[in-house]
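Student: Could you have a look at this structure, given as structure tokens, before my questions?
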Amino acid sequence: MDLEVQAELKRLRLELSLKKSTSTKTVYATQAEVNAGTSIDTSVSPATLSGWTHGILTGFKNFITNGRFEVNQRGKHSYTTTSGDYSFDRFYIEPETLITKVKGGVRVSSGNLPKAVVIQPIEILNGSSLVGIGEKLTLSFDASIGINSTLKVEVVYRTDIDVDAGSPLVIKDFGNGSGSVQNYQVTFVDDLPPVNSTMLMVKIGVTRAGQTDEQIKFLSNIQLERGNIATPYEVLPISIQDERCRRYYEVLNFRMRKASVVDEKYFFPIAYTTKRTNPSVTVAKDIASAWTWESVASSQRTMASIGFTTKNNNNQGYYYGTATIDAEL
């Protein structure tokens, strides 16, 4: 088949999938329905079809990064905090939340409080809306919620990681869980964010009836997309997910060679994925007793430098360390 014909067929499949005129009506079917073997005579309205194809045709679909919790640069199997902190890449947990890696996703519970909340802040530019005033967005995810736990979703613009900028775009209470894995969805309308907003915050949380009740037994495939239809989860190569995460946070291992000179200063640059803003840089490990960590200079998003001073003239050779580069929202 001619390549031009093949390209045209592919375009038509993505845009309409199938369109057929009969003597009485025009019928539509999405590509998903065609793949599933749904009858051609099943009517699908143009509005539904438009919602289904909106995210696909834009070339960018999921605004959530690392929706399966695959990237984990901080390196722990589970995370908890008393004051709120980041855990698996791009996901922030509220106080007393415990998040643990399981096959294909995570398990979320809490310690002393009867609630657990997982958050992802989505970067916005100069206080602009995420997709446009009046446009629809759909959040979907797979989760198993304990039968005595209540699931709630909230999406709100914020000025800081824990400071709301105004009223939420949506608050959805799904009620008690069933204990089995289900797909949850909520559609809402984007709006102009309040002044000084820096992020759109997606919160998935549960409250429980008793201290021993399980909360989110399983959470994965989190997706936020344009349109009013939840489409299948966008599976991206891990290399792309990893690069997106490194825009906000990165861990680097480095090696230094020490000469036998007292008070010799060494400054060397470290290059990494371009960050969203000038990052803070810290040395995570004491590299050796023969070194004193001096300072970190970071004046741009694409480069930082770490400085060390030798403490004595012994212990020549190579020394190793780890640095973290943090530009989280």
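The values are calculated or read from the model by the stated rules, or taken from the named source; none is laboratory data. Source: prediction; values computed, not measured. Note that we place each Cβ from the backbone using ideal geometry, even for glycine, and neighbour counts take in every protein chain shown.
Student: Only one of LEU130, LEU137 is in contact with an Asp or Glu (Cβ under 8 Å, 6 or more places away or on another chain), in a strand (DSSP E or B) and not basic (Lys, Arg); which?
Tutor: LEU137
Student: Please enumerate the residues belonging to the stretch 131-159 that are closer than 24 Å to ASP85 by Cα and hydrophobic (A, V, I, L, M, F, W, C).
Tutor: LEU139, PHE141, ALA143, ILE145, LEU151, VAL153, VAL155, VAL156
Student: Could I ask something else about it? Sort out which residues of the stretch 161-188 are over 23 Å from ASN228 (Cα atoms) and of a type in the set (Val, Ile, Thr), and write them in order of number.
Tutor: Within the stretch 161-188, ILE161, VAL163 qualify.
Student: Here's a follow-up. Say whether the condition of being surrounded by fewer than 19 Cβ atoms within 10 Å (Cβ to Cβ) and modelled with pLDDT of 95 or more is met by at least one residue in the stretch 152-162.
Tutor: Yes - at least one qualifying residue is present in the stretch 152-162.
Student: Could you identify the single residue in VAL261, VAL281 that is buried (at least 18 other Cβ atoms within 10 Å of the Cβ), modelled with pLDDT under 90 and not assigned by TED's automatic domain parsing to the domain that holds LEU125? Please lay out each step first, then the result.
Tutor: Working: VAL261 fails: buried (at least 18 other Cβ atoms within 10 Å of the Cβ).
When all the criteria are applied, what remains is VAL281.
Student: Checking ARG90 against (1) buried (at least 18 other Cβ atoms within 10 Å of the Cβ); (2) modelled with pLDDT under 95; (3) within 23 Å of ARG158 (Cβ to Cβ); (4) not polar (S, T, N, Q), which single condition isn't satisfied?
Tutor: (2)
Student: Report, by residue number, each residue of the stretch 138-195 that is closer than 21 Å to ILE216 by Cα and among the aromatic types (Phe, Trp, Tyr).
Tutor: PHE141, PHE174, TYR184
Student: Answer yes if at least one residue in the stretch 156-178 is in a loop (DSSP other than H, G, I, E, B) and of a type in the set (D, E, K, R), and no otherwise. Before you say what the answer is, go through the steps one by one.
Tutor: Within the stretch 156-178, the subset in a loop (DSSP other than H, G, I, E, B) is 161-162, 165-169, 177-178.
Now drop any that are not of a type in the set (D, E, K, R), which leaves 162.
So far as the stretch 156-178 goes, yes, one or more of its residues are in a loop (DSSP other than H, G, I, E, B) and of a type in the set (D, E, K, R).
Student: Quick check on the stretch 96-119. Is at least one of its residues part of a strand (DSSP E or B), touching a helix residue (DSSP H, G or I) at 6+ places or on another chain (Cβ under 8 Å) and either surrounded by 22 or more Cβ atoms within 10 Å (Cβ to Cβ) or in contact (Cβ under 8 Å) with a residue 60 or more places away in the chain (or both)? Quick ask: steps written out before the conclusion?
Tutor: Within the stretch 96-119, the subset part of a strand (DSSP E or B) is 97-102, 105-110, 115-119.
Cutting the leftovers down to touching a helix residue (DSSP H, G or I) at 6+ places or on another chain (Cβ under 8 Å) gives us none.
No: zero hits.
Student: Residues to consider are SER220, SER197, SER180; find the one that is hydroxyl-bearing (Ser, Thr, Tyr) and exposed (fewer than 15 other Cβ atoms within 10 Å of the Cβ).
Tutor: Going through SER220, SER197, SER180 in turn, just one is hydroxyl-bearing (Ser, Thr, Tyr) and exposed (fewer than 15 other Cβ atoms within 10 Å of the Cβ): SER180.
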